[in-house]
Amino acid sequence: DGTSLRLRGQVLRPDGSEALSEDRTCPVADGAALGREMAHDLLTRAGPGFFDWRG
């Protein structure tokens, strides 16, 4: 309807063994804030070492 924004985000381990996803909707005017919030939440869920590519 043009008044809402759906944002999907995903982070994956470098080897593809694990993926974390978010799917949220908000008013269009709040899109930038939602993007920042989702990025923070995904990185928090991933935790330290999630993106390490060294074995």
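Bear in mind these aren't lab numbers, they're just calculated from the coordinates by the rules spelled out. Owing to the predicted nature of the structure, the values given are computational and were not obtained by experimental measurement. Cβ atoms come from the backbone with ideal geometry, glycine included; neighbour counts cover every protein chain shown.
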Neighbours by Cβ (under 6 Å, 6+ apart or cross-chain): first from region 27-42, closer than 20 Å to residue 12 by Cβ; second among the aliphatic types (A, V, I, L, M) and outside any helix (DSSP H, G or I): 42/11; 42/20
Quick one: would you say residue 34 is in contact with an Asp or Glu (Cβ under 8 Å, 6 or more places away or on another chain) and surrounded by 10 or more Cβ atoms within 10 Å (Cβ to Cβ)? no
Give region 2-20 a look and list any residue that's acidic (Asp, Glu) and either surrounded by 10 or more Cβ atoms within 10 Å (Cβ to Cβ) or in contact with a strand residue (DSSP E or B) (Cβ under 9 Å, 6 or more places away or on another chain) (or both), or say none. 18
